[in-house]
Each structure stands twice: as structure tokens, then as C-alpha cells.
Amino acid sequence: MQDGELARLLYGEQAVEPDERLRLWAAAFEAWLEERRTKYSRDIGPESQRAWAEFLAMTHKAPYEVGTAEVEAYIEALQEKGLKTGTIFVNC
């Protein structure tokens with residue numbers, strides 16, 4: 001069983017029985033996506049989702065396993081793509 005989009009981003013279509021920590025993160029992730037859609041625009045949701053998918057693919061870790069080093073490496077990778085600091089912070 002998968003709990004929402006976060007589990008899909010982490011595990012793809014593979015069937016996974018999420019633990020309590022993943023369920024809580026999945027619920028928070030869904031609430032965050034919905035808030036972005038509501039507060040900004042429906043188009044923000046997919047952009048935010050893509051940013052998370054890219055981040056999780058780079059780290060190969062669940063959000064609660066990520067440390068400062070992984071976040072800094074991701075920011076560096078975005079800067080190497082030509083994104084400016086202000087743009088990176090908006091997408092975080």
C-alpha cells in the first residue's frame with residue numbers, strides 16, 4: 001500500500017507498506033502541495049512536485065533522512081543549471 005504522492009516519488013509504482021513516519025510525512029506533503037495550489041495557483045502544484053521528485057531522486061533518501069549536506073548539494077546542482085539564488089529559494 002502506498003500513502004499518496006510522496007511514497008510514489010520515493011518508491012515509484014513499487015508496492016510499499018509505509019511506516020508511521022512515512023505516513024505523517026506523506027500527509028504533510030499532500031497538505032503542502034494543496035496549500036501551494038490554493039495559495040498561488042493550480043499550476044504551482046506540478047512545479048513543486050517536480051522539484052521534490054528531482055530532489056528525492058538526487059538524494060535517494062526519504063525527507064526525514066536528508067541532512068544539510070544533501071540540501072547544499074541540491075542547491076549547488078540547481079546553481080550549476082543556471083538558476084539564481086532567489087529562484088531556488090522560491091521553489092524550496
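The values are calculated or read from the model by the stated rules, or taken from the named source; none is laboratory data. These numbers were taken from a predicted model, which means no experiment stands behind them. Reconstructed Cβ throughout: ideal geometry from the backbone, glycine too, with neighbour counts over all protein chains shown.
Residues in segment 39-50 that are surrounded by 11 or more Cβ atoms within 10 Å (Cβ to Cβ) and in a loop (DSSP other than H, G, I, E, B): Tyr40 only. Of the residues Ala31, Ala62, Ala57, Ala27, the single one that is modelled with pLDDT of 85 or more, surrounded by 14 or more Cβ atoms within 10 Å (Cβ to Cβ) and within 14 Å of the chain's Cα centre (by Cα) is Ala62. Restricting attention to segment 1-23 and to residues that are more than 14 Å from the chain's Cα centre (by Cα) and at pLDDT 80 or above, the residue that is surrounded by the most Cβ atoms within 10 Å (Cβ to Cβ) turns out to be Arg23.
The single condition among (1) at pLDDT 85 or above; (2) part of a helix (DSSP H, G or I) that Arg36 does not satisfy is (1). Quick check on Trp25: is it in contact with a Pro (Cβ under 9 Å, 6 or more places away or on another chain), of a type outside the set (Ser, Thr, Tyr), without any contact (Cβ under 8 Å) to a residue 40 or more places away in the chain and part of a helix (DSSP H, G or I)? It is true that Trp25 is in contact with a Pro (Cβ under 9 Å, 6 or more places away or on another chain), of a type outside the set (Ser, Thr, Tyr), without any contact (Cβ under 8 Å) to a residue 40 or more places away in the chain and part of a helix (DSSP H, G or I).
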